[in-house]
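Working notes, beginning with the structure itself.
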Amino acid sequence: MPLQPAVFTPPRRDTETIDEIPQGLGLISVRNPPAAPENSRSSRAAPIDIRHFKFDLPKPLVPDLLHTGLSPEEAQKLSRDYMLFAEQLQSTLETMFRIEAGPLATRPRGLGLTPPEDLVEECYALFLSGYKAMLDSWAEEAMTLAKARAAELEARQKSSST
């Protein structure tokens, strides 16, 4: 005997009322949603402007690189590369943040939901944390390279003077 295909029959909306919809575990009250207090952040109607969330560029590494014994020209070049990578990362993460935070900023308020402002701030904190961690990692790598290069130059100078 061949299997019969399943048939989906949507509920009839014309006769169904809000009272007939099951309330699940009772976590949501459809009849009387909680009203937000007038002075609460969740009752604000103004949209959230996510454009003011920025990722600041780090300071150039030249002074730190010079302290390792690197020549001024090499320190300048390494710092310039670091700053170029930082600018590219900044641009990429700001764009990604706007893409991710945009829907959060337009999320409805009330009904016991986390306020959109809080969600956007949490999203920003996550992106900012990743941004700073990446910059710290790159700066550490640049300092390691500078120290290795300075040690190499020092060893060459010692071997050529003897």
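Here are the numbers for this structure:
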quantity: Residues of type lysines that LYS54 reaches as a straight line, Cα spacing below 25 Å, ignoring anything fewer than 8 places off in the same chain; calculated: LYS132
quantity: Accessible surface, 1.4 Å probe, highest first, among residues ILE48, ILE99; calculated: ILE99, ILE48
quantity: Contour excess over end-to-end distance, with Cα ends at THR106 and LYS132 and 0.36 nm allotted per residue; calculated: 6.7 nm
quantity: Mean-position separation - Cα centroids, the range 72-96 and the range 119-162, in angstrom; calculated: 12 Å
quantity: Residues of the range 72-106 with amide N under 13 Å of a point placed 7 Å along Cα→Cβ from THR114; calculated: 101, 104-105
quantity: Surface accessible to a 1.4 Å probe, per residue, for the residues of the range 50-162, Å²; calculated: 64 Å²
quantity: Surface share of carbon and sulfur [accessible, 1.4 angstrom probe, percent] for the range 43-162; calculated: 60 percent
quantity: Burial ranking of peptide ranges 113-124, 86-97 (average Cβ count within 10 Å, highest at the top); calculated: 113-124, 86-97
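The values are calculated or read from the model by the stated rules, or taken from the named source; none is laboratory data. Bear in mind that the values here come from a model prediction, so they are computed numbers and not experimental data. A quick note on method: Cβ atoms are made from the backbone with ideal geometry, for glycine too, and the neighbour counts reach across all protein chains shown. These accessible areas exclude ligands, DNA and RNA; they are computed on the full protein's heavy atoms, side chains included. Shrake-Rupley method; radii C 1.70, N 1.55, O 1.52, S 1.80 Å.
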